[in-house]
Every structure is written in structure tokens, then in C-alpha cells.
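Here's the structure, in C-alpha cells; my notes come after.
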Amino acid sequence: LKDKQQAAEAVIRLEHGQPIRFGTDGAKGVVRDPATGDLRVVAVTADNEADVLIHDAHSPSPTTAFALARLADPDTLHHTPIGVFRSVERPVYDTQLAGQLDAAIEQNGKGDLAALLTGGDTWTVPSQRRTS
């Protein structure tokens, strides 16, 4: 990947909103296989140029980003995408959790752990006898 001549043929530079093309003069592109949904690299021709994927780093679905990450050949590193695969705004887990706790307290009142532990609700688990 460090050799400039080989890198032009091996590295796929991802740019949001741009067709996913690479190689000398953009001669290769990434398309979605209609039969399997997988991504594959093709030689771009006039017939398939419209099929070349446009990179959408802001897609709410991670499917295409995952598929792009799997394009690289692990032995030769050919078809190695680099750049921003996915960039989406999502709520932080702690913020969502705090919101759920606040909603539960508003709906049910503040809980009392001691009352819960010493409460009268109990149950008995019957023992089951195993036979061999």
C-alpha cells in the first residue's frame, strides 16, 4: 500500500457523495451484486458505470459500511478501502438510559429498594427429582 503505483490499483479512497472508483483513471469501481447483495470490484465500462455505488457515509444502516470493510483481500491487501466508512449522529447510551430512568420515576414514583427486599411477595421453587 505504500508503493504509489501499486496503491493506485489497490486502495479504494472513500469520499462521501462520490462514486466508489479507483485504479488508474478510475477504471475500477465497486458495485452491488444483484443476486447476493454483496459488494464486488468490477472494471468500469459504459454499460455498468451507472451501477457503481455512491458512497453514503451518513446512511442510517451499517450494511454497506460493513460490506466495504470486507472487500480487502487479507493476503495482498488489494481492494483496501480507506477513509470514513460511516459517520452518523446517534444518542449516547448513558443519555438514553438516564431518560428511561427519569420516565420510570415520573410514571411509577421513586423506588424503595429496602421495601422491595423486605416486601411480602415471595415464591417457592419446588425441587424436581431426577431419575436416571
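The values are calculated or read from the model by the stated rules, or taken from the named source; none is laboratory data. Just so we're clear, the structure is a prediction, and the values are computed from it rather than from any experiment. All Cβ positions, glycine included, derive from the backbone under ideal geometry; neighbour counts span all protein chains shown. Ligands, DNA and RNA are excluded from the accessible area calculation, which covers all protein heavy atoms including side chains. Shrake-Rupley method; radii C 1.70, N 1.55, O 1.52, S 1.80 Å.
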Computed E for Val92/Asp33 - FRET, C-beta separation, R0 25 angstrom, nearest 0.05: 0.10
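What accessible area per residue, rounded to a whole number of Å², is obtained for the chain using a probe radius of 1.4 Å?
Details: 10750 Å² over 132 residues.
Accessible area per residue, the chain: 81 Å².
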Using a Förster distance of 25 Å, the FRET efficiency for Arg40-Gln5 (Cβ separation, nearest 0.05): 0.60
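Nearest 5 is fine: what % of DSSP beta bridges in the chain come out antiparallel, could you say?
On the way: 9 of 13 bridges.
In the chain, approximately 70 percent of DSSP beta bridges are antiparallel ones.
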Carbon/sulfur fraction of accessible area - the chain, other protein chains in place, 1.4 Å, %: 52
Unit charges on C-beta of K, R, D, E only; dipole of the chain, Debye: 440
Contact order normalised by residue count of the chain, Cα under 8 Å, 6+ apart, percent: 21
Helix axis angle, 93-108 relative to the chain longest principal axis, alpha carbon, degrees: 30
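Hey, can you rank 59-67, 122-130 by average C-beta count inside 10 Å, highest first? Mind showing how you got there, number by number?
Details: 59-67: 13.8, 122-130: 5.0.
Per-residue mean Cβ counts within 10 Å order the peptides as 59-67, 122-130.
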